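Values in this text are rule-based calculations from the coordinates and carry no lab data. Because the structure is a prediction, the values reported are computed rather than measured. Using ideal geometry, Cβ is built from the backbone for each residue, glycine included, and neighbour counts are taken over all protein chains shown.
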Amino acid sequence: MFYPFKKIEKKWQKIWQKNNYSIWHSKYLLGKKIYILDMFPYPSGEGLHVGHVENFVASDILARYYRMKGFNILHPMGWDAFGLPAENYAIKKNKNPKDFVPQNIERYKKQIESLGLSYDWQREINTTEPYYYYWTQWMFLKMFERGLVYEKEAPINFCPSCKTGLANEEVVEGKCERCGNYTEIKFLKQWHIKITAYAERLLEDLNNLDWPENIKEMQRNWIGKSEGYEIDFKIKNSDQSIKVFTTRLETIFGITFIALSPLHPLILKIAKGDYYLNVEEYINHYIKKLSKHQFEIDFNGIFTGAYASHPITGESIPIWISDYVLSDYATGAIMGVPAHNKFDYKFAKKFMIKIIQVITPQKNKIIEKLPYEGDGFLINSFDYDDLKTEVAKEKIFQYLESKNLIKKAVYYRLKDWVFSRQRYWGEPIPLIRCQKCGVVPVPEKDLPVTLPNVKNYKPTLTGESPLKNINWWVKVKCPKCSDWAERETQTMPQWAGSCWYYLAYILKTFSKQKNKIYPKIIWDKNKLNYWLPVDIYIGGAEHAVLHLLYARFWHKFLFDLNLVSIPEPFKKLVNQGIILGTDGEKMSKSRGNVINPDDLINKYGADSLRIYEMFMGPLIETKKWDSSAIMGPFRFLNKIWLYSKKNKKNKKLKDSIEVLKSFNKLIKKVSQDIENLKFNTAISSMMEFVNFLSDKSISKKNWLNFIKLLYPFAPHLAQEIWQSFGKKSLLEKEIWPDYDNRYIDEDNIILIIQVNGKKRDELVIKKNLNFEDVKKMILAREKVKKFIKDKKIKKFIFIQDKLINIVI
RNA sequence: GGGCAGGUGGCGGAAUUGGUAGACGCGCUGGGUUUAGAACCCAGUGCUGACAAGGCGUGAGGGUUCGAAUCCCUCCCUGCCCACCA
C-alpha cells in the first residue's frame, strides 16, 4: 500500500496556513537575515506549470533549511497582474480583468498551497491594487520631477486590418498574431524614461554581482558601450559639416566614402542639383518601407552629389545615403572604410566604390582577402606608415585634436525606455495635460490615479488608449490653473510594477479603518536597511535583460533619492533551467506536451513531485521531463514511511559506529548540498542512506534527526512522521542537526592500487601509513604480483592515504 | 557572424586543487509473491569476451602526464542569447 499522502498533505497544509511568518520575523529581528525571493508570477488563466514548481520548491527548500539554521527569513509571494494576457482574455470573454485576475490569483494560491510552500502570506502583494500602484505612480512622478521623463514620437505596431495597436508580443515575424496581415508602424507621442543616463552605472556595477556570467554578459551587450571618436567632416562648397562616429580612427586613410542614415537631418540640405529629386524619392521610399514593417537591410543607397573633405589629406570624399546606417545610433553617419569593415565592404562592392587597404596584419604583408578587421600595422597612410594600430590611433587623434576636428566620444546601444502603452490594463500615468500649463503632474495628495471601471477595453482604431473614451475620467481640473484639462490616458508598461515589488514585500503593513483591515505600504528605511539586498533571487532566464535591467535602474534611481541605502537590489541571481516536455521540446499548449502539476500531486502527492523536480538534475540545467521517473522519489518516500512504522518499536538508544559514521556524513553532505543549491545530490545521498538502513536499525533519536534532513524536501511527510513519534512541535521551529567530526574522520581508508595508472586492486589500510610500509603490503598481494610478473618496476607514485601507482 | 553554456550507459544524471568512471533514480532482464494485474521483494544491468582472465570505453583526433571525463591544441555537434552598433 502507498502511504496516505493525500490525508497527510491536507492536514499539514491546513495547520501551516495558520503559521504567521511575520511574527516569526519580528521575533528574530536582531538575528541574521536571509531574503529569499522568487520572480513573482503573472497569474494567467493557465495555472502553475512545472517550471514554476521547480522555481518555488527550490526556494522553499532554502527557506525551510535556513529557518532551521536559525536565520530570519523573508520569503514572500505576490502577483504581477497588470498586462496584456489578462486584457486579451477580457476582450475575448467580455469580462473585466478586475474580476477575473483575482480569480486567477485564488487558483494560483490554491496550487501553491497544495505544494506545501512556506510563503509569508501577510506580505502578499498585487501590482494591480491601488495601495500598490500608488507608489508606482509616485516613483514615476519623482522621475518626472528629476527630468528623467520626456515625451517623444516613437513607433508602435499597428495592424491595419484589425485597426488596432499591438504590443511587440503580438507581432510575429512582422505579422499580426490574430489575423496574419503585415503590421505597420505608426508614430505616436510617447513617454520615455532616460535609462540611458544610468548606462555607465548599470554596466559598472555588474562587476560586483554574484550573478551567472552569461546573464551579466547579456546585460553588457544590451547596454553595448562603445568608446571611440567623433570626427568632423567639412562638406565642400558648404558651411555644413558631418559628425561621424568611429572606433577605428587608425583606418582614416582608408576612407573612400561617407554614408548617412536616410533619416539624417542634413541630407536635403546638402543634396546637389540633379541628385536632389532622386534623394528625396529614396528617402520617401525608405520611410514607407519602414512603416510597413517589411524592411530588410539590403545595402541599398544613393549618392547625394555632395563631397566632404578628408580632415587630413583634404581629398574629396563622396557622401552617400544608405539603409545600413542606423539613424538612432551614434551620429547617424559613418566613415566608409571598405577594406576594414565588412559592411562598408559590401556596400562599396555593390556601388563600385574604391577600396584602399591601410592596415596589414604583419609588416610588408598585403592581405588578398579583404575586409581585414583585425589589428596590425599601417600602410598607405603617409607619415603614419608602419606604426602599430594602437600607436597610430593616438597620434592621429592628437593631430586632429590640434585642428579642433575631433573629440573622444562614448555611445551606448541601450535606448531610452518607452514607458507608455495604449492599453487599458495598466497603471495610469499620473499626468494631466492642460491647454494653458502644458503637462502637469498629478499632486501627491491625489494619488493614486485609479484605473476606472470600463465596459470597453478594446484598443482603439487610432492606436490611442481605450481610456480616452471615458469622458468622466479624462476630464479633470488642472492642478495649477483649475481650468478644465485632460488626464494622460496612456498606461505604464507591464515592467513598471515589477521594478520595485521586492521592496513592497518589506514595506507592506496593514491599517485599520472602520473595523476593516486594509493593506498599506509605508516607506520605512529601517526595514529596508535590515532586509536588503535580496540575498538570493530565483527565476527564469527569460528576464535576463528587460526585467532585471529595468529593476536595477529603478533601484538606482531610488538610491539616488536616498530612499534605499544600497545601489544594487539583487546580490545573487539563479536561473532555474527550462523543463522540456517528454519529447525534448519546449512545453507548449500547441505541442500538447504540457505536464500539469495538479495531476501529479493527485497521483503521487506534493512531496513526491517536489523531490522529483529537484532530483531531475542541477537546478540551473535544462532538463527533460520523464513521467515514469517520478516513481523513484515516490518509492523513496514510501520506504521512509514504512521504515518509520518499524522504527517506532525500536528500543535501541545507541547506534552502531557504522550507522553513526554514515549518518554524520549524510548531515554534512545534505547541508553543504543545500547551501550550494545541489538538491539532486542531496536527495540521492538520502536515498543511499535509506537503502543502507534497510537491513539495519537506527535509534529513534537519529531517525528523527534524519527526518529533519528530509523536512525541507518533503515537509508534509516529515512533519507527519515527526508527530507520529509523539513530537508536538512544528519542524519549522526545530534546529537543524549538527554533524560530529569524530565520525567523519575515518581511521581506515581505501587505498587504490594502480599498475601503470590502471586500477588493479584496492586495500583497506590504516591512515597515515608511510610509503615503505605500504609498498611492502601491496607487493605481497597476489593480484599485484600477477600484474607485475617479471617486469621491472621503474618507480612508485605514492599519494598518502589515497593511492599507489606502480610504474613498470 | 559574435558571445555564453554544454556533449558521460537505453534515459535523467554522479564524479574536477588530474587519482576507483557510471553514485542515485528511471527503464530493462531473470526470479519470488499474486487467480491475473498493479504494488512489493531478491538478483543482474557500460560495451566486448564464454559464466572467466582480460580488452575497450566520457562527441572525434592529437598532446602533456606515472595517471586525463577533468589540463592544452585542432575539429565536429547541440542549446541559449545577441546580431547592420560604425
- Task: Would you mind checking A:6/A:733; A:651/A:727; A:14/A:514; A:11/A:508; A:288/A:346 for any pair whose Cα atoms are more than 26 angstrom apart?
- Result: A:14/A:514; A:11/A:508
- Whole-number D in µm² s⁻¹ for region A:222-316, Kirkwood Cα-pair radius fed into Stokes-Einstein, 20 °C, 1.002 mPa s: 142
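Which of the pairs A:10/A:696; A:7/A:98; A:661/A:696; A:189/A:243 have their Cα atoms more than 24 Å apart in this structure? Could the numbers behind the result be given before it?
On the way: A:10/A:696 32 Å; A:7/A:98 35 Å; A:661/A:696 14 Å; A:189/A:243 27 Å.
Where the Cα-Cα span goes over 24 Å, the pairs concerned are A:10/A:696; A:7/A:98; A:189/A:243.
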- Task: Over the alpha-carbon set of chain A, work out the extent along each principal axis and list the three values in angstrom, largest first.
- Result: 105, 91, 49
- Furthest towards positive pole of dipole, A:367, A:723, A:219, structure part chain A, Cβ charges: A:723
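Rank the residues A:275, A:119 as a footprinting-exposure proxy: fewest other Cβ atoms within 10 Å of their Cβ go first. Display every interim value, and only then the final one.
On the way: A:275 16, A:119 21.
Least crowded to most crowded, the residues run A:275, A:119.
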- Message: Once you keep just the Cα pairs under 8 angstrom separated by 6 or more residues, what percentage relative contact order results for region A:623-735?
- Response: 30
- Message: Can you order the peptides A:691-704, A:526-539 by their average number of other Cβ atoms within 10 Å per residue, highest first?
- Response: A:526-539, A:691-704
- HN-Hα J couplings of region A:552-559 from phi, Karplus 6.51/-1.76/1.60, θ = phi - 60°, integer Hz, Gly and Pro as x? 5, 4, 4, 5, 5, 4, 5, 4
- Would you mind checking the tilt of helix A:606-615 against the longest principal axis of the Cα atoms of chain A, expressed as 0 to 90 degrees and rounded to 10? 70
- When the chain is fully extended, how far beyond the present Cα-Cα distance does residue A:516 get from residue A:181, taking 0.36 nm per residue of separation? 115.4 nm
- For region A:448-495, with +1 on Lys and Arg beta carbons and -1 on Asp and Glu, the positive-most of A:462, A:452, A:491 along the dipole: A:452
- Pop out the ³J(HN,Hα) list for region A:493-508 in order, Karplus 6.51 cos²θ - 1.76 cosθ + 1.60 with θ = phi - 60°, rounded to Hz; leave Gly and Pro as x. x, 3, 5, 4, x, 7, 6, 9, 4, 5, 7, 4, 4, 5, 8, 5
- Item | Label-point separation, residue A:475 to residue A:747 (7 Å along Cα→Cβ), nm | 9.5
- Task: Can you grab the distance from the C-alpha centre of region A:476-554 to the C-alpha centre of region A:54-128, Å, no decimals?
- Result: 16
- Residue-count net charge about residue A:700 - beta-carbon cut-off 9 Å; Lys, Arg +1, Asp, Glu -1: +4
- Per-residue HN-Hα couplings for region A:192-207, Karplus 6.51 cos²θ - 1.76 cosθ + 1.60 at θ = phi - 60°, whole Hz, x for Gly and Pro? 10, 10, 6, 5, 5, 5, 9, 3, 4, 5, 4, 6, 4, 6, 4, 4
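Quote the convex hull volume per residue of region A:1-127, based on C-alpha atoms, as a whole number of Å³.
Values: hull volume 16.8 nm³, N = 127.
It is 133 Å³ per residue.
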- Message: Can you tell me which lysines have their Cα less than 20 Å from the Cα of residue A:786? Leave out same-chain residues fewer than eight positions away.
- Response: A:758, A:759, A:775, A:776, A:794, A:795
- Message: Whole angstrom only: what separates the Cα centroid of region A:679-708 from the Cα centroid of region A:785-808?
- Response: 39
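Taking the highest mean first, how do the peptides A:344-357, A:415-428 order by number of other beta carbon atoms within 10 angstrom per residue?
On the way: A:344-357: 17.5, A:415-428: 22.5.
The densest-packed peptide leads the list: A:415-428, A:344-357.
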- For residue A:623, which aspartates and glutamates qualify as cross-link partners when the Cα separation must be under 14 Å and same-chain residues fewer than eight apart are set aside? A:54, A:583, A:585, A:613
- Query: residue A:570: net charge of surrounding residues, Cβ under 14 Å, Lys/Arg +1, Asp/Glu -1, itself excluded?
  - Reply: 0
- Relative contact order (%) - chain A, alpha-carbon pairs under 8 angstrom, separation at least six: 14
- Could you work out how far helix A:213-223 tilts from the main Cα principal axis of chain A, as a 0 to 90 degree angle to the nearest 10? 20
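Classify region A:304-428 as rounded, prolate or oblate, taking a ≥ b ≥ c as the square roots of the eigenvalues of its Cα gyration tensor: rounded when a/c is under 1.5, otherwise prolate if a/b is larger than b/c and oblate if not.
Numbers: a/c = 2.06, a/b = 1.86, b/c = 1.11.
In terms of gyration-tensor shape, prolate.
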- What ranking do A:101, A:807 get, fewest neighbouring Cβ atoms within 10 angstrom at the top? A:807, A:101
- Dipole axis of chain A (+1 Lys, Arg; -1 Asp, Glu on Cβ), positive-most option in A:158, A:268, A:518: A:518
- Any idea how far the Cα center of region A:322-391 sits from the one of region A:725-756, in Å? 65
- chain A - mean residue ellipticity at 222 nm from DSSP helices (-39,500 (n - 2.57) per run, n ≥ 4, rounded to 500): -10500 deg cm²/dmol
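For the pairs A:480/A:525; A:475/A:512; A:69/A:571; A:603/A:708; A:525/A:572; A:645/A:728, flag any whose C-alpha to C-alpha distance is greater than 27 Å. Write out the running numbers ahead of the final one.
Details: A:480/A:525 32 Å; A:475/A:512 33 Å; A:69/A:571 21 Å; A:603/A:708 25 Å; A:525/A:572 22 Å; A:645/A:728 18 Å.
Beyond 27 Å: A:480/A:525; A:475/A:512.
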- Message: Placing unit charges on C-beta atoms (Lys and Arg positive, Asp and Glu negative, everything else neutral), compute the dipole magnitude of chain A about its Cα centre in debye, rounded to 20.
- Response: 3720
